[in-house]
1. I'm checking a number: the convex hull volume of the Cα atoms of segment A:184-313, normalised per residue, in Å³. What is it?
2. Could you tell me the relative contact order of segment B:119-168? Use alpha-carbon pairs under 8 Å, at least six residues apart, and round to a whole percent.
3. Please order A:Ile28, B:Ile51 by the number of other Cβ within 10 Å, starting at the fewest.
4. Once you sort the root eigenvalues of the Cα gyration tensor of segment A:105-212 as a ≥ b ≥ c, which label holds: rounded (a/c under 1.5), prolate (a/b larger than b/c) or oblate (the other case)?
5. On average, how many beta carbons from a partner chain sit within 10 Å of the beta carbon of a residue in A:217-227?
6. Between A:Gln131 and A:Glu223, 0.36 nm times their residue separation minus their Cα-Cα distance comes to what?
7. Given segment B:119-168, report the % of alpha carbon pairs whose separation exceeds 15 Å.
8. Please compute the length gained on full extension between A:His31 and A:Ala160, using 0.36 nm multiplied by the number of residues separating them and subtracting their Cα-Cα distance.
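Each value in this text was obtained by applying a stated rule to the coordinates, not by laboratory testing. These numbers come from a predicted model, not from an experiment. When we count neighbours, we look across all protein chains shown, and the Cβ atoms used for this are built from the backbone with ideal geometry, even at glycine.
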Amino acid sequence: MDKTKQFISEMKKIRLTQNEKMSARTDIISHMEKNPIGNTASFWTRIAQIFIPTQHKKAFIAIYIIVLVFGGSTGTAFAAETSLPGDLLYPIKTNVNEEIRSRLTFSKQGQAEWEATRIQKRLGEIKELEQKGTISKDQIEKIKAKIEQQTEKAKEKIEALKSSGDSTNAEKIIEKLETSVKEHEKVLEKLNDENTSTQEIKETVHDLKVITFPKQAAENKLENANEKIEKIQNFIEKNHDKMPEESLKQAQEKLIEVQQKIEEGTAATTSEDFKSAFESFKEAHKMANEIKPEIKDEIKSEKDAQEIEKPQLKEQKPEDKKAIKPSPNNTSRNKFSEDDSEHK
Amino acid sequence: MTNKNDIHQEFLKAYEAFSDGIFRHIYFRLMNRERALELMQDTFMKTWDYIGKKGAKDTIKSLLYKIANNLLIDEYRKKKEESLEQLAEKGIVPKVAISTEKIDIKMESEKALKVMEKLEDKYKEAITMRYVEEMSIQEMAETTGESENNISVRINRALKQLKQLLNG
């Protein structure tokens, strides 16, 4: 093997000289300049057939006209960059420009980062539209669909990065994405109503974390659930004299159920079934979330009863939002908690 | 946010990373430095065109090697069709005349090249891709379109023949 190794190391020594490399580079660059991709009319015609689905025929026609008028200058591709959902050039931005960039990025890390960046771009577009005040339900649905598509792509690339041995960077990318979602949380909450669930957008991104890093996701969720339990226990302590006895009993029973769920999850963790563990902790968190509003309900109705001097307690349903004093934590919790929405 | 510059930069990064590898890959198959340089350049330009027209499903590395291999196949076909005189005229030097390459090759490398000549083409490809370009079996499978199993077998046989040539 010695001779073979030597042979191979000799072969490796053969490489381009600096001059050769530079001179070829210059020629290649001039070829690139002469044959720009993404800008010429013929390119767009072909690309349009591949990338732009027929529902965007209007966009395609508009672009064709622009290209004819401006002679296929860099203007069009550049103009597409700042477009928002609903603009004619928007599909160019997402389906052409961004796709080309995807294809050209060759490192696994670069690819994963780029796909994650595309998701962040979608979130930014929601924010921009909201600030403009022109956001429509339709647009939100479109962006949501794109985010779901994009998350699939990102998942592929992140898993590829993980399997190639670079878990650290894969994790960093996920964390960055999670931070980004948090930053857009306010806008998403604002736009959240019965017809448009931006909650699902958050879910989609959070799911990405569970799929790619189930262990961490489970650990985080356990933390969340435990924090919630603590908060509730504190709340009960503070308010137990205001609570009717039944309600106190109920709350404590519920807490026991929550603890059981957590034990389920912990058992799953020991057998390395992190996905089930995550689901258990998530259930626990959801159940815990329902306790406090129920208690508040009971307390309020107790008060009401005393004021009106009615001897009976009104039966309050936990979904009865109107009886609860809105607090920043509470408003969305009755419909969905942060991590609460129905599984698909 | 100029997308054009982004694309250019990414492609040039690929050039920096892979130009040596592609050059070497072609050079070992053709044994002609000048022609290998030309084909290396062609490879990058054709890859650029390809991406522009069809996008790229594979990684850039795979695509580059695929296109390089296609250019090599074309080159071999040309060689077969031409007579020796025509070959000499075009400047494509047949395998024998290694002496013109002495410029930056040391004595030992020259010997290595002579050995390379004698290796079968498919074995050459296997050894250069695996050990010189350090591609994984998976990458090689992607690039050549063959199964990982075939490639493993070929690498073993190539190493055997190489050993024979070096020791014989």
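1. For segment A:184-313, the hull spanned by Cα atoms encloses 136 Å³ per residue.
2. 43 percent
3. Ascending Cβ contact count within 10 Å gives the list B:Ile51, A:Ile28.
4. It comes out prolate by the Cα gyration axes.
5. Per-residue shielding by partner chains comes out at 0.
6. 29.7 nm
7. Within segment B:119-168, distances greater than 15 Å cover 39 percent of Cα pairs.
8. That pair, A:His31 and A:Ala160, stretches by 43.2 nm at full extension.
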